[in-house]
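Colleague: One structure, pasted below without further comment.
The values are calculated or read from the model by the stated rules, or taken from the named source; none is laboratory data. These numbers were taken from a predicted model, which means no experiment stands behind them. Reconstructed Cβ throughout: ideal geometry from the backbone, glycine too, with neighbour counts over all protein chains shown.
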Amino acid sequence: MNESNLLKIGSQYIDLVGETLSSRGISGKILYVSGPTVDRLYGKKVRRQIEEVGVIKEEYVDHNTIDYAMSVASRAIATDINCIVAMGGGKILDVCKYAAYMTKTPLLSIPTTMANDGIASPIAVLKRRDGKPRSLGCAMPSMLIIDTDIILDSPIELIKAGIGDTISNYTSLLDWEFAVSKNKDEMNGYAYLMSKNALNVLMNTRFDTICAEFVNILGNSLVLSGIAMSFVGSSRPVSGSEHLFSHALDYYSEKKNLHGFQVALGTIAVLKLINMPQDDVVNYLNKFDVNVNPQKMEIDEDTFIFCMQNATEMRKNRYTYLHEIDLSTDRLKKIYKQLVEEL
Ligand SMILES: [Zn+2]
């Protein structure tokens, strides 16, 4: 069996499930995992193709705890599953990524949304028993099919959030370089280049609306970010101070916003904090109507300041600009005011 990763992005690619599985020599029992909504929309097509190559077992995922992912893994072992086919959003894919990794089973992943770079990353974000999210190392999906028509049918806000998560590579890379210059981290040139490419491919696109071609490019960018992470075995190439700020919001803020919007806001705020120009990023987000005004996101001044000041607590080994720059309340108040007025 071919062990290399297989990636397909394009229109109507949902019809390639059967030939993808058979090209990898997969047969026997196949676990198909989805959720009620996506299954109702696209399940019939996928099930039919799985049944042509093997015997289907089905499971609906409705939560994303570590315990639950382990239970899927143990059932997959107990019932001799040869392959997992996961279709859905982040929760379903993360549960299956982890279960596939635990059981050393090939995973065909079919994302139905593109809200973040988790679609191809070797990291699963699952909840602990106390409800807090935990990032767990696993493997990239061995097969990934992105049907651009399905993505275009998903809520537009989720696509915009995917744009935000890719844009955050901008400050992630600055933070990484900074950490290396301070002897707090090591550089990996391949991973750096891959993350930079993910960003450039998106920033330099000639499209200015969310059309099928743009979704294809965004898909490529998100996958490149995933590959960057797999080179270093961590999220370092795509996650810096802006992600620490977003993690702090997840932890402390009542209001829940999409990850991609929080990290895009963090990117612009951090650029201001380190006195770097923000125009490229702001203009790009405006072009696609990605609004990350903190007031609109219902992040008040106190929450913004508290989360910036406590961001470095979120991840002990992630050295960033936030560890060294002036994060005084007065300065953050000024920056919050600018963000509210300018975004
Ligand atoms: Zn992210």
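Colleague: For PHE261, indicate whether it is within 13 Å of the ligand (Cβ to nearest atom), among the aromatic types (Phe, Trp, Tyr), assigned to a helix (DSSP H, G or I) and touching a residue at least 40 places away in the same chain (Cβ under 8 Å).
Modeller: It is true that PHE261 is within 13 Å of the ligand (Cβ to nearest atom), among the aromatic types (Phe, Trp, Tyr), assigned to a helix (DSSP H, G or I) and touching a residue at least 40 places away in the same chain (Cβ under 8 Å).
This table checks each residue for (1) more than 16 Å from the ligand (Cβ to nearest atom); (2) without any contact (Cβ under 8 Å) to a residue 24 or more places away in the chain.
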| residue | (1), (2) |
| --- | --- |
| ASN257 | no, no |
| LEU271 | yes, no |
| ASN286 | yes, yes |
| TYR321 | yes, no |
| LEU332 | yes, no |
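Colleague: May I ask you to list the residues in the range 24-44 that are over 26 Å from the mean Cα position of the chain (by Cα) and surrounded by fewer than 14 Cβ atoms within 10 Å (Cβ to Cβ)?
Modeller: GLY25, SER27, GLY28, LYS44
Colleague: Condition test on GLU313, is it modelled with pLDDT under 95, within 22 Å of VAL238 (Cα to Cα) and among the acidic types (Asp, Glu)?
Modeller: Judged against the criteria, GLU313 is a match.
Colleague: So which residues in the range 263-279 are surrounded by fewer than 24 Cβ atoms within 10 Å (Cβ to Cβ) and in contact with a helix residue (DSSP H, G or I) (Cβ under 8 Å, 6 or more places away or on another chain)?
Modeller: Passing the criteria: LEU271, LYS272, LEU273, ILE274, MET276, PRO277, GLN278.
Yes/no per residue for (1) within 16 Å of the ligand (Cβ to nearest atom); (2) more than 27 Å from ILE167 (Cβ to Cβ); (3) in contact (Cβ under 8 Å) with a residue 60 or more places away in the chain; (4) not hydrophobic (A, V, I, L, M, F, W, C):
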site: GLY90; (1), (2), (3), (4): yes, no, no, yes
site: PRO106; (1), (2), (3), (4): no, yes, yes, yes
site: ASP117; (1), (2), (3), (4): yes, no, yes, yes
site: ILE123; (1), (2), (3), (4): yes, no, yes, no
site: ARG129; (1), (2), (3), (4): no, yes, yes, yes
site: MET140; (1), (2), (3), (4): yes, no, yes, no
site: ILE146; (1), (2), (3), (4): no, no, yes, no
site: ILE151; (1), (2), (3), (4): no, no, yes, no
site: PRO155; (1), (2), (3), (4): no, no, no, yes
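Colleague: Search the range 233-255 for residues being in a loop (DSSP other than H, G, I, E, B) and more than 16 Å from the chain's Cα centre (by Cα), and hand back the single one that is nearest to the ligand (Cβ to nearest atom).
Modeller: Out of the qualifying residues, it is SER253.
Colleague: Let me ask another. Of the conditions (1) closer than 29 Å to THR148 by Cβ; (2) more than 16 Å from the ligand (Cβ to nearest atom); (3) modelled with pLDDT of 95 or more, VAL281 clears all except one; give me its number.
Modeller: So the condition that VAL281 fails would be (2).
Colleague: Related question: For the range 177-189, indicate whether the set of residues that are outside the structural domain of LYS132 (by TED's automatic domain parsing), surrounded by 15 or more Cβ atoms within 10 Å (Cβ to Cβ) and either within 16 Å of the ligand (Cβ to nearest atom) or within 13 Å of the chain's Cα centre (by Cα) (or both) is non-empty.
Modeller: The answer is no; no qualifying residue exists.
Colleague: Moving to a separate point now. Does THR20 satisfy the condition of being part of a helix (DSSP H, G or I) and in contact with a Leu (Cβ under 9 Å, 6 or more places away or on another chain)?
Modeller: yes
Colleague: Among the residues that make up the range 193-212, is at least one of them at pLDDT below 95, among the polar types (S, T, N, Q), within 20 Å of ARG318 (Cβ to Cβ) and away from the ligand (no atom under 13 Å from the Cβ)?
Modeller: Checking the range 193-212: not a single residue is at pLDDT below 95, among the polar types (S, T, N, Q), within 20 Å of ARG318 (Cβ to Cβ) and away from the ligand (no atom under 13 Å from the Cβ).
Colleague: Grab the strands (runs of 3 or more DSSP E) fully contained in the range 83-162, keeping just those with 1 or more residues being touching a helix residue (DSSP H, G or I) at 6+ places or on another chain (Cβ under 9 Å) and crowded, with 19+ Cβ neighbours inside 10 Å.
Modeller: Qualifying strands (runs of 3 or more DSSP E): 83-88, 107-111, 123-127, 143-147.
Colleague: Could you say which residue among SER74, SER27 is outside any helix (DSSP H, G or I), of a type in the set (Ser, Thr, Tyr) and assigned by TED's automatic domain parsing to the domain that holds VAL125?
Modeller: Checking each option against the conditions leaves just SER27.
Colleague: When the residues of the range 66-80 are narrowed to those that are buried (at least 16 other Cβ atoms within 10 Å of the Cβ) and in contact with a strand residue (DSSP E or B) (Cβ under 7 Å, 6 or more places away or on another chain), which ends up farthest from PRO133 (Cα to Cα)?
Modeller: ALA76
Colleague: When you go through ILE335, ILE268, ILE274, ILE299 one by one, which is the residue that is in contact with a Ser or Thr (Cβ under 7 Å, 6 or more places away or on another chain) and in the same structural domain as SER225 (by TED's automatic domain parsing)?
Modeller: ILE299 is the lone residue from the list that is in contact with a Ser or Thr (Cβ under 7 Å, 6 or more places away or on another chain) and in the same structural domain as SER225 (by TED's automatic domain parsing).
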